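> Following this message is one structure expressed as structure tokens.
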Amino acid sequence: KSRGNELYKAKKFEEAIAAYDEAIALDETNMMFLSNKAAVYFTQKNYDKCIEMCNSAMEVGKANMAPFEDRSKCLTRCAKAHQKKGDLGT
């Protein structure tokens, strides 16, 4: 995760995604790996993938009783992605 975060900060997005994928393979119960991957997709303006990752993160978070703060952060990112896509009604 920390390597993915470093790569994200360095704007090496594809490498960050690969690092988060490695973290996910090591621990499928940590929603933050998926949430961080969603952040990369959001930054890349790939809102569909961001939403997909947020939804996956929420499933993992719920199943593993992740802190509500982590889940709310993920839901907020998902809502922002929908907003950017113009999916939210007024």
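The values are calculated or read from the model by the stated rules, or taken from the named source; none is laboratory data. For clarity, every value in this text was computed on a predicted model and none was experimentally measured. Cβ atoms come from the backbone with ideal geometry, glycine included; neighbour counts cover every protein chain shown. Surface areas here come from the heavy atoms of the whole protein model, side chains and all, with no ligands, DNA or RNA. Shrake-Rupley method; radii C 1.70, N 1.55, O 1.52, S 1.80 Å.
> Just to verify a result, which residue in the range 9-25, among those that are part of a helix (DSSP H, G or I) and open to solvent by 40 Å² or more (accessible area, probe 1.4 Å), is farthest from Val60 (Cα to Cα)?
Lys9
> Being of a type outside the set (Asp, Glu), assigned to a helix (DSSP H, G or I) and open to solvent by less than 100 Å² (accessible area, probe 1.4 Å) is the filter here, so list the residues in the range 63-90 that pass it.
Listed by number, the residues that qualify are Ala63, Arg71, Ser72, Cys74, Leu75, Thr76, Arg77, Cys78, Ala79, Ala81, His82, Lys85.
> What tally of residues in the range 26-62 results from selecting those that are among the acidic types (Asp, Glu), over 16 Å from Gly4 (Cα atoms) and surrounded by fewer than 17 Cβ atoms within 10 Å (Cβ to Cβ)?
2
> Only residues that are of a type in the set (Gly, Ala, Ser) and modelled with pLDDT of 95 or more: list them for the range 1-25, please.
Matches in the range 1-25: Gly4, Ala10, Ala16, Ala18, Ala19, Ala23, Ala25.
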